[in-house]
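Okay, structure first, notes after.
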Amino acid sequence: MVHGFKRFEGREWSTKYRGPLWIHATSKKPTPEEIQALESAYESHYAMIGEDRPPFPQRYPTSAVIGRLDLIDVLTLDQY
């Protein structure tokens, strides 16, 4: 989400909060296979919808705050 190629995030819970939201990277270091699988999935997604994909990050940091976004809406699973 911070780098722009992921636009939505799914959770099983809801919130009434709207506004700035700090994003923290996982503490688990991804394997090269996990990175390849994720990047391949996004390559396919962007090819399917016919949009240019933002560049993938050069590195995938762990255990750090990596950015901030603005939470503007929450959808129910049925709406999504």
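The values are calculated or read from the model by the stated rules, or taken from the named source; none is laboratory data. No experiment lies behind these values; they were computed from the predicted model shown. Ideal geometry is used to build each Cβ from the backbone, glycine not excepted, and the neighbour counts take in all protein chains shown. These accessible areas exclude ligands, DNA and RNA; they are computed on the full protein's heavy atoms, side chains included. Shrake-Rupley method; radii C 1.70, N 1.55, O 1.52, S 1.80 Å.
Just a few scattered comments:
- One residue stands out in the range 11-30 among those that are among the hydroxyl-bearing types (Ser, Thr, Tyr) and modelled with pLDDT of 95 or more: the one that is farthest from ILE72 (Cα to Cα), namely SER27.
- Close pairs from the range 49-62: first closer than 24 Å to LYS29 by Cα and of a type in the set (A, V, I, L, M, F, W, C), partner in a helix (DSSP H, G or I) and open to solvent by less than 70 Å² (accessible area, probe 1.4 Å), Cβ under 7 Å, at least 6 apart: PHE56/GLU39
- Taking the range 1-57 as the range and being within 17 Å of ARG68 (Cα to Cα) and aliphatic (A, V, I, L, M) as the test, the residues that pass are MET1, VAL2, LEU21, ILE23, ALA25.
- Evaluated against (1) under 16 Å from the mean Cα position of the chain (by Cα); (2) under 28 Å from LYS16 (Cα atoms); (3) of a type in the set (A, V, I, L, M), LEU77 falls short on exactly one condition, (1).
- The range 10-38 residues that are on the phi > 0 side of the Ramachandran plot, paired with ones that are of a type in the set (D, E, K, R) (beta carbon under 7 Å, 6 or more apart): GLY19/ASP70
- Any hit, the range 4-12, residues being more than 15 Å from the chain's Cα centre (by Cα), surrounded by fewer than 10 Cβ atoms within 10 Å (Cβ to Cβ) and aromatic (Phe, Trp, Tyr): no
- Count of the range 43-80 residues which are part of a loop (DSSP other than H, G, I, E, B), of a type in the set (A, V, I, L, M, F, W, C) and either open to solvent by 70 Å² or more (accessible area, probe 1.4 Å) or at pLDDT below 90 (or both): 3
- Matching residues, the range 13-32, being over 24 Å from GLN58 (Cβ atoms), open to solvent by less than 70 Å² (accessible area, probe 1.4 Å) and over 16 Å from the mean Cα position of the chain (by Cα): THR15, GLY19
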